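**Student:** Starting off with a structure, shown below.
The values are calculated or read from the model by the stated rules, or taken from the named source; none is laboratory data. The structure displayed is predicted, hence computed values, not measured ones. Here the Cβ is made from the backbone with ideal geometry for all residues, glycine too, and neighbour counts use every protein chain on show. Ligands, DNA and RNA are excluded from the accessible area calculation, which covers all protein heavy atoms including side chains. Shrake-Rupley method; radii C 1.70, N 1.55, O 1.52, S 1.80 Å.
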Amino acid sequence: MNIFKPNRIPISLLVLFLFQSCAPVPVKPPPSPYGHQEIARIISGFREQETRVVTFFSSGRLSVETKGSESSSNILIVGSKNPFKLRIELTHAWGRPLLHIMIHDSELQILSFTEKKYYHGHLGTPGSLRFFPARLDPDQVWALLRAFPALLKYSRAVSLKGNRITLLNGKAEPVQVVDLYQESSLPRLVSFPEQGTKISFSDFESNSGLKYARKIRLDDPKTETILALKLKQMIFNKALPESIFKLEKPKGFEMLPLR
């Protein structure tokens, strides 16, 4: 006689096991749009970050992809908000200077060390896109390099989707769309519908309550440009000597307008 009997699982337990194993995984519901008070709180935080920074100094690495070509260089940036001035220095990895760029309001000066030429003109002109390949106004350039978005002028702010605030003009047209990280309400992506450009922000740091992204990426489909900035250092609100914003033409450099 065989004393080893096969184990028999009751049918009721088998059916229960099958139904449990096939049970759907709970799906987290999408976040709800922000209410009026939450929108006001988030916008107030943006305004605070904007008004508290009057100067900054940063360094890092800049990569640019445009129309099939790619370049990468070290970057040093010095900025003053009032008056609006920016100095940008691009160098090779081994230290040889490539470009020195000065922006004062919308005026633009560029020293091209590879060409031994000094260019002058205005930000946003077709000639300037060769050296600064993005269709941005001075406020957008400041926000990009300061590593935290600034809000454009708007008539009304609404939230039509979770983790998103849309700024509307007087005609109820979107002028700026801000997508935020759910866990922190920090800006993740800023879109400009009229221009078609987008700027993403990630890897945030805080310096005495002043927040900035260590990684910034700009996408401009119209000019087929992707600009990526990775910051190693950021210092806020230090006194800057006026001489730092003077760009002098070296001897032997040809002077040309940006056409």
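**Student:** Starting from the Cα of Lys230, draw a straight line to each of the aspartates and glutamates and keep only those under 14 Å, dropping any in the same chain fewer than 8 residues away.
**Tutor:** Straight-line reach from Lys230, under 14 Å: Asp203, Glu205.
**Student:** Normalised by the number of residues in the stretch 23-159, what is the relative contact order in percent for Cα pairs under 8 Å and 6+ residues apart? Present the calculation step by step, with values, prior to reporting the outcome.
**Tutor:** Numbers: 179 pairs, mean separation 22.7, N = 137.
Averaging sequence separation for qualifying contacts and normalising by length gives 17 percent for the stretch 23-159.
**Student:** In units of 2.2 N^0.38 Å, what is the alpha-carbon radius of gyration of the chain? Numbers along the way, then the final one.
**Tutor:** Details: Rg = 25.9 Å, N = 259, 2.2 N^0.38 = 18.2 Å.
The value comes to 1.43.
**Student:** Going toward the positive end of the dipole of the chain, with +1 on Lys and Arg Cβ and -1 on Asp and Glu Cβ, which of Gly95, Val158, Tyr118 do you reach last?
**Tutor:** Gly95
**Student:** A further question on this structure: Where the only charges are on Cβ atoms (+1 Lys, Arg; -1 Asp, Glu), what is the dipole of the stretch 104-242 about its Cα centre, to the nearest 20 debye? Please list the in-between numbers first.
**Tutor:** Numbers: 20 positive and 15 negative charges, 57 e Å.
So the magnitude is around 280 debye.
**Student:** Further, regarding this structure: Would you calculate, for the chain, the mean residue ellipticity at 222 nm contributed by helices, counting each DSSP H stretch of 4 or more residues as -39,500 (n - 2.57) and dividing by all residues, to the nearest 500? Numbers along the way, then the final one.
**Tutor:** Details: 3 runs with 37 residues, N = 259.
Taking each H run of at least 4 residues, the total per residue is -4500 deg cm²/dmol.
**Student:** While we're on this one: Can you say what percent of the DSSP beta bridges in the chain, counting only those with both residues inside, are antiparallel? Round to 5.
**Tutor:** Among the beta bridges of the chain, antiparallel pairing accounts for roughly 95 percent.
**Student:** How much accessible area per residue does the stretch 141-210 have, in Å², with a 1.4 Å probe? Mind dumping the intermediate values first?
**Tutor:** Values: 3250 Å² over 70 residues.
Ligands and nucleic acids excluded, the figure is 46 Å² per residue.
**Student:** Looking at the stretch 117-259, send over the antiparallel percent of its DSSP beta bridges, to the nearest 5. Before the final figure, lay out each step's value.
**Tutor:** On the way: 32 of 36 bridges.
If I count the DSSP bridges inside the stretch 117-259, around 90 percent turn out antiparallel.
**Student:** Related question: Express the relative contact order of the stretch 105-259 as a whole percentage, based on alpha carbon pairs under 8 Å and six or more residues apart in sequence. Each step should come with its number before you reach the end.
**Tutor:** Working: 257 pairs, mean separation 33.9, N = 155.
For the stretch 105-259, the relative contact order is 22 percent.
**Student:** Which trypsin sites (Lys or Arg not before Pro) does the stretch 134-181 hold that lie in a coil by DSSP with at most 11 other beta carbons within 10 Å?
**Tutor:** Passing sites in the stretch 134-181 are Lys153, Lys171.
**Student:** In addition: Excluding ligands and nucleic acids, what accessible area in Å² is computed for Glu89 using a 1.4 Å probe, to the nearest 10?
**Tutor:** Around 40 Å² of this residue is reachable by solvent.
**Student:** For the chain, which whole percent of the accessible surface, found with a 1.4 angstrom probe, sits on carbon and sulfur atoms? Working shown, then result.
**Tutor:** Numbers: 8710 of 15540 Å².
Result for the chain: 56 percent of the exposed heavy-atom area is carbon or sulfur.
**Student:** Per residue, how much space in cubic angstrom lies within the convex hull of the C-alpha atoms of the stretch 41-193? Can you show the working numbers first?
**Tutor:** On the way: hull volume 22.4 nm³, N = 153.
Spelled out: Cα convex hull of the stretch 41-193, divided by residues, is 147 Å³.
**Student:** Could you please report the charge total around Val78, scoring K, R as +1 and D, E as -1 over all other residues with beta-carbon less than 13 angstrom from its beta-carbon? Display every interim value, and only then the final one.
**Tutor:** Details: positive: Lys81, Lys85, Arg87, Arg146, Lys238, Lys246; negative: Glu89, Glu242.
Neighbourhood net charge equals +4.
**Student:** Also: Can you compute the label reach from Lys67? Point 7 Å from Cα along the Cβ direction, backbone N cut-off under 17 Å, restricted to the stretch 114-157.
**Tutor:** Answer for this model: 124-136.
**Student:** A further question on this structure: Taking the Cα centre as origin and putting +1 on Lys and Arg beta-carbons and -1 on Asp and Glu beta-carbons, what dipole magnitude results for the chain, to the nearest 20 debye?
**Tutor:** Numbers: 36 positive and 23 negative charges, 92 e Å.
In debye, rounded to 20, the chain gives about 440.
**Student:** Per residue of the stretch 186-196, what does 6.51 cos²θ - 1.76 cosθ + 1.60 with θ = phi - 60° give for ³J(HN,Hα)? Whole Hz please, x for Gly and Pro, Karplus curve as stated.
**Tutor:** Values per residue, Gly and Pro as x: 7, x, 9, 8, 10, 10, 10, x, 5, 7, x Hz.
**Student:** Another question, if that's okay. What shape does the stretch 183-259 have by the C-alpha gyration tensor, where a ≥ b ≥ c are the square roots of the eigenvalues, rounded means a/c under 1.5, and otherwise prolate means a/b greater than b/c and oblate the rest? Intermediate values should be presented prior to the final figure.
**Tutor:** Values: a/c = 2.91, a/b = 1.28, b/c = 2.27.
Because a/c hits 1.5 or more and a/b fails to exceed b/c, the stretch 183-259 counts as oblate.
**Student:** Whole number in Å², please: accessible area per residue of the stretch 96-135, 1.4 Å probe, ligands, DNA and RNA not counted.
**Tutor:** Details: 1800 Å² over 40 residues.
I get 45 Å² per residue for the stretch 96-135.
**Student:** Taking Cα centroids, how far is the stretch 119-159 from the stretch 87-115 in Å?
**Tutor:** Cα centres, the stretch 119-159 to the stretch 87-115: 18 Å.
**Student:** Just want to confirm a number: the relative contact order over the chain, from Cα pairs under 8 angstrom separated by 6+ residues, in percent. List each step's numbers first, then the result.
**Tutor:** Details: 486 pairs, mean separation 54.6, N = 259.
Computed value for the chain: 21 percent relative contact order.
**Student:** For the stretch 114-148, list residues with backbone N below 16 Å from a point placed 7 Å from the Cα of Trp94 toward its Cβ?
**Tutor:** From the stretch 114-148, the list is 114.
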